[in-house]
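The values are calculated or read from the model by the stated rules, or taken from the named source; none is laboratory data. Note that the structure is a prediction, hence the values are computed from the model and not measured. Cβ atoms come from the backbone with ideal geometry, glycine included; neighbour counts cover every protein chain shown. Accessible surface areas use protein heavy atoms only, side chains included; no ligands, DNA or RNA. Shrake-Rupley method; radii C 1.70, N 1.55, O 1.52, S 1.80 Å.
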Amino acid sequence: MNFPGNFFHIGDIDIAELKSLVRNLTEAQWTSFSTRQRRYEVHQHTHTIGLVYDPDFRHSHPTRLPMLAIFEVAMRPALWMAADHFEETETGQRLIRENGSGYFIRASLVRLKAGCSIAEHQDMNFSLTHSHRIHLPIVTNDQVLFTVGKETINIREGQLTEINNRRMHSVHNNGPDDRVHLILDYVMPGEQCCCGAKHHPQTRCSPQACMETVLLRVPCTCHPED
Ligand SMILES: [Zn+2]
Ligand SMILES: [Zn+2]
């Protein structure tokens, strides 16, 4: 989702338990899911383990995958902190009253090999533009550089961080070790995308109503970059 800024540091999580679970993953566990789900050229140097995931990028009724059982308990502090962050605001409280509670539509572990990159891109589908994309580094090093817009930072282990995935973004792992992030997509039902109020003030966001803005056929000028 677009917001005024590139990164938002939500808070810090103790990731010790998640880290030891990730260390125990086998190469077969890392590669089998990625081979089946491989879709995007920019992500060719990554391996993904879907925990809550649907290849159709749906926006409701997420599918919990078997690997979730391994990580579910250890993930809870991160899930709670992220959900609280979006639900405790005035807007969050109103959305919950009107539409019900928020939910995680996707959760994945994503490994970026040492020396590899994710090329610059913007996320361009309905669900990715109407949910909050949150990264939690589980295994990283100080030579992993995340760029959003014109800002490049090193997100440290345990720093729960929302990423503005509507701006151009890329990642470079210049370090000697693979990087592993837990990536969460959180939906607040009824929350409009930045362009919604401007382009279809009378109707809610939907794949139909937002198609032109999601694909950037109508340029978005809602939160200009510095
Ligand atoms: Zn929208
Ligand atoms: Zn916009």
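Annotations
- Residues of segment 211-226 that are part of a loop (DSSP other than H, G, I, E, B), more than 10 Å from ligand 2 (Cβ to nearest atom) and either more than 26 Å from residue 85 (Cβ to Cβ) or within 22 Å of the chain's Cα centre (by Cα) (or both): 215, 217, 224, 225.
- Look at (1) within 16 Å of ligand 1 (Cβ to nearest atom); (2) under 13 Å from the mean Cα position of the chain (by Cα); (3) of a type outside the set (Asp, Glu) and you find that residue 204 fails only one, number (2).
- In segment 207-221, of all residues being within 11 Å of ligand 1 (Cβ to nearest atom) and more than 15 Å from residue 124 (Cβ to Cβ), the one that is surrounded by the most Cβ atoms within 10 Å (Cβ to Cβ) corresponds to 209.
- Of the residues examined, residue 136 is one that is under 30 Å from residue 27 (Cα atoms), in contact (Cβ under 8 Å) with a residue 60 or more places away in the chain and of a type in the set (A, V, I, L, M).
- Residue within segment 156-179 that is within 16 Å of ligand 2 (Cβ to nearest atom), at positive phi and assigned to a loop (DSSP other than H, G, I, E, B) present: no
- Entirely in segment 20-135, the helices (runs of 4 or more DSSP H) that have 3 or more residues that are closer than 25 Å to residue 3 by Cα and open to solvent by 20 Å² or more (accessible area, probe 1.4 Å): 68-87, 90-99
- Residues of segment 158-215 that are more than 30 Å from residue 20 (Cβ to Cβ) and of a type in the set (Ser, Thr, Tyr): 203, 206, 213.
- Among residues of segment 197-226 that are touching a residue at least 60 places away in the same chain (Cβ under 8 Å), those with a Cβ under 7 angstrom from a residue that is among the β-branched types (Val, Ile, Thr) and within 10 Å of ligand 2 (Cβ to nearest atom), sequence gap 6+ or separate chain, pair up as 214/129; 220/213.
For (1) farther than 21 Å from residue 90 by Cα; (2) within 16 Å of ligand 1 (Cβ to nearest atom); (3) out of contact with any strand residue (DSSP E or B) (no Cβ under 8 Å at 6 or more places or on another chain), each residue gets a yes or a no:
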| position | (1), (2), (3) |
| --- | --- |
| 155 | yes, no, no |
| 163 | yes, no, no |
| 171 | yes, no, no |
| 174 | yes, no, no |
| 178 | yes, no, no |
| 192 | no, yes, yes |
| 200 | yes, yes, yes |
